[in-house]
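**Q** Structure below; questions to follow.
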């Protein structure tokens with residue numbers, strides 16, 4: 001009989017400044033070597049349980065805590081965070097929040113270096129992890145040059161190199177492409193074979209359905225249901241829909257639907273489209289000496305984006321797909337004018353938009369929404385995007401996204417999924433004709449993913465053109481009129 005390695009005894013917790021308790025008398029025992037999935041709506045308490053196990057509560061996130069948390073024989077409230085480093089490893093929803101190095105090689109071995117291992121052992125662990133996780137193509141790169149999915153891979157590698165007894169994963173697939181999710185799945189299988197105890201907080205369930213030993217369904221700060229992994233994997237789509245969970249089966253077929261499309265291009269006349277011309281951009285400038293030369297198609301050997309012409313159908317939702325690091329976020333940043341060295345122009349309604357002028361035409365919701373939350377309340381954040389502030393319209397938008405209850409809260413005090421919805425609310429409030437979303441359902445539960453899909457369709461119906469860079473197959477299936485595939489900075493297909 002395996003012993004318990006994680007014990008939560010009668011835990012109640014309320015974050016500092018919060019009026020309501022997030023966890024209410026929760027008790028949980030996890031056995032050594034067990035893989036446990038935490039599922040449920042955003043804000044139900046999943047991430048809070050992760051933070052209790054790794055010690056971030058109460059040592060980093062203050063609040064009112066009652067009950068006791070014991071991990072690998074250590075009472076968490078009496079154990080310093082550094083003492084848990086070799087025992088618990090965590091991959092956060094936003095991997096940027098856990099990086100300490102500026103390059104990938106240093107980040108992978110930061111943990112072993114930080115706990116003072118022998119240099120030969122540090123080198124061996126780094127080499128083993130790179131080989132096991134197939135990360136050779138990411139070595140020698142700056143952390144700042146990686147895509148969101150690539151950062152997530154490096155975060156997983158750095159945790160794995162510590163060889164912890166317990167691995168905690170908080171929404172690990174949220175920024176990963178379909179192939180990278182399969183690689184993550186293989187990593188989890190490898191950790192299971194090594195006898196690791198794994199706790200996963202996740203909304204996307206299809207890749208985990210046969211990996212979990214136990215599934216805990218959380219609702220409003222309590223564990224409402226508990227199932228064995230075998231029982232959970234047998235749930236049909238009606239059962240998961242009734243629970244407001246993402247399907248355990250459907251996404252596989254959607255992936256195949258879009259992954260193996262032929263290289264087709266839809267034919268749209270210029271008069272019926274927003275026209276993109278001469279979109280060339282590179283992150284790797286050649287050393288020009290006396291003048292700054294703008295990049296063009298002639299520099300094809302160094303181009304990160306190479307799109308001579310692309311017609312976007314008006315009033316439609318266009319899903320942008322492709323592997324991690326292939327240029328999707330770069331494409332969006334260039335379209336909206338955030339990359340000043342991009343040469344592209346946009347023609348719309350008889351007007352030509354160059355450089356910073358593209359900012360007037362478009363509004364972008366970034367992958368890491370923390371970069372674009374500026375005010376001290378959710379309401380103020382949305383009003384900031386309006387040319388003429390309208391509180392009634394603001395409240396309507398907040399209600400449609402299910403965040404009206406947070407109207408007076410500071411955006412940075414919200415969960416990751418709730419912050420995402422605030423940023424989406426700001427985009428809806430803006431009067432831009434071209435709306436760009438970079439992974440808008442990252443960290444969102446099933447119910448709110450459906451709401452976002454419906455809102456994107458409504459935006460398109462109102463005459464706006466919507467570009468959505470996403471790895472979320474269910475979102476594509478629910479709202480996208482077209483799918484644009486970006487491959488190595490070029491248009492692979494557009495259907």
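**Q** Quick one: how many residues across segment 449-463 are at pLDDT below 90 and more than 15 Å from residue 425 (Cβ to Cβ)?
**A** Residues flagged as at pLDDT below 90 and more than 15 Å from residue 425 (Cβ to Cβ) within segment 449-463 amount to 4.
**Q** Looking at 81, 65, 56, can you tell me which residue is surrounded by 15 or more Cβ atoms within 10 Å (Cβ to Cβ) and free of Cβ contacts under 8 Å to residues at least 40 places away in the same chain?
**A** 56
**Q** How about segment 332-357: which of its residues are in contact with a strand residue (DSSP E or B) (Cβ under 6 Å, 6 or more places away or on another chain) and outside any strand (DSSP E or B)?
**A** Result: 332, 334, 336, 339, 342, 343, 344.
**Q** Among residues belonging to segment 294-322 that are part of a loop (DSSP other than H, G, I, E, B) and at pLDDT below 85, point out the one that is surrounded by the fewest Cβ atoms within 10 Å (Cβ to Cβ).
**A** Per the criteria, the residue is 301.
**Q** When segment 85-118 is examined, which residues are found to be crowded, with 22+ Cβ neighbours inside 10 Å and over 26 Å from the mean Cα position of the chain (by Cα)?
**A** 112
**Q** Here are some residues: 53, 30. Which one is assigned to a helix (DSSP H, G or I) and at pLDDT 95 or above?
**A** Every option except 53 fails the conditions.
**Q** Follow-up. Has segment 468-490 got at least one residue that is surrounded by fewer than 24 Cβ atoms within 10 Å (Cβ to Cβ), more than 30 Å from residue 282 (Cβ to Cβ) and more than 22 Å from the chain's Cα centre (by Cα)?
**A** Within segment 468-490, one or more residues are surrounded by fewer than 24 Cβ atoms within 10 Å (Cβ to Cβ), more than 30 Å from residue 282 (Cβ to Cβ) and more than 22 Å from the chain's Cα centre (by Cα).
The values are calculated or read from the model by the stated rules, or taken from the named source; none is laboratory data. Treat the numbers as computed from the prediction; the structure is a model and nothing was measured. Cβ sites come from the backbone with ideal geometry, for glycine too, and all protein chains shown count toward neighbours.
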